[in-house]
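Everything below concerns the one structure shown next.
Values in this text are rule-based calculations from the coordinates and carry no lab data. Remember, predicted model here, so these are calculated numbers, not experimental data. So basically every Cβ, Gly included, is an ideal-geometry build from the backbone, and we count neighbours across all protein chains shown.
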Amino acid sequence: MKWQGRRKSTNVNDQRGRSFGGGGRIALGGGGLGLVGIVIYLLITLMGGGNLGDVVDGAVLPPSSQQQSSQQQGTYQETQQEKELMGFLSVALADIEDTWSEILPKSEYQTAYKEPQMTIYTGQINTACGAADSGVGPFYCPGDHTIYLDLSFYNTLTKKYGAKEGDFAMVYVVAHEAGHHVQTLLGVTQQLNTLRQRVARGTMSQTEFNRYSVAFELQADYLAGVVARYMYERGYLEQGDLSEAMSAAAVVGDDAIQKRYQGYVDPDTFNHGTSAQRQEWFKRGFEAGDLSGWDTFKGL
Ligand SMILES: [Zn+2]
């Protein structure tokens with residue numbers, strides 16, 4: 001990806017080196033009063049933990065209730081690799097903003113795009129969706145419109161899961177999470193939560209819900225493909241970028257994850273889709289370049 005010298009998003013919050021257990025506390029709701037209030041969340045740890053996790057539950061505090069205190073900057077010493085990750089992901093987030101600011105108002109939904117935040121953290125973080133640690137992987141919290149990412153996920157993705165090395169593996173991940181933001185702006189996240197509540201009430205089986213979850217996640221992959229197309233058309237992609245994204249999409253497929261962690265595949269428990277599906281929907285988004293083919297729920 002060509003990113004040197006290009007615009008960086010101003011919506012990146014660097015929280016690295018801060019610990020919410022110690023002096024660098026990130027207060028929620030003022031003075032760090034009540035974690036009690038934010039326990040109504042469902043942290044969906046996908047694919048057996050430590051994977052591309054998403055918080056997709058919207059039953060959280062409204063964004064206004066979250067006030068991150070501006071404590072003194074931590075003394076985090078970044079590596080050269082992390083510096084580079086911060087650089088190109090900040091540019092990628094700017095591209096994501098440009099993509100959706102252009103597409104959403106022109107789409108049949110005629111929605112203005114509200115830019116999400118991206119918080120880069122190390123270890124643990126408090127969010128409007130509750131506390132999380134980096135073991136859950138990158139996620140988007142609808143309650144505060146923020147993508148949360150620990151940069152160490154790059155090594156997890158490439159070294160542990162075996163995705164092809166390269167910047168675009170991570171751009172795919174961030175564009176997928178930003179896809180959940182688009183889904184939230186367009187009301188899809190809220191619809192999924194309604195179904196989740198049916199599972200809680202016992203009027204929908206978990207297995208049936210999982211099929212909707214897969215459709216929801218594949219839609220985020222499609223939306224990531226739309227962003228990649230936008231970047232491609234402006235000449236920002238380099239040789240190998242798309243295959244890095246496709247490789248990343250493959251290693252986080254439910255079948256790949258289940259084989260890796262449990263040695264067998266159980267389609268009833270899928271919640272993100274197979275490697276082939278994830279690649280397919282990313283590709284469809286890339287080919288369409290808009291929301292025309294984004295209905296992954298068709299036929300459910
Ligand atoms: Zn997701």
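Out of the residues in segment 257-278 that are crowded, with 18+ Cβ neighbours inside 10 Å and free of Cβ contacts under 8 Å to residues at least 40 places away in the same chain, which is farthest from Gly162 (Cα to Cα)?
Thr274
Among the listed residues Ala215, Ala228, identify the single one that is touching a helix residue (DSSP H, G or I) at 6+ places or on another chain (Cβ under 6 Å), of a type outside the set (Lys, Arg) and at negative phi.
Ala228
Please specify each residue of segment 121-137 satisfying the condition of being within 19 Å of Glu78 (Cα to Cα) and crowded, with 22+ Cβ neighbours inside 10 Å.
Passing the criteria: Tyr121, Ile125.
Considering only strands (runs of 3 or more DSSP E) fully contained in segment 118-235, which possess at least 2 residues that are in contact with a strand residue (DSSP E or B) (Cβ under 7 Å, 6 or more places away or on another chain) and within 16 Å of the ligand (Cβ to nearest atom)?
Per the criteria, 139-141, 146-149.
Only one of these conditions is not met by Lys159: (1) out of contact with any helix residue (DSSP H, G or I) (no Cβ under 8 Å at 6 or more places or on another chain); (2) without any contact (Cβ under 8 Å) to a residue 24 or more places away in the chain; (3) more than 26 Å from Ser243 (Cβ to Cβ). Which number is it?
Against the list (1) out of contact with any helix residue (DSSP H, G or I) (no Cβ under 8 Å at 6 or more places or on another chain); (2) without any contact (Cβ under 8 Å) to a residue 24 or more places away in the chain; (3) more than 26 Å from Ser243 (Cβ to Cβ), Lys159 comes up short only on (3).
Residues in segment 105-117: is at least one surrounded by fewer than 19 Cβ atoms within 10 Å (Cβ to Cβ), of a type in the set (Gly, Ala, Ser) and in contact with a Gly (Cβ under 9 Å, 6 or more places away or on another chain)?
No.
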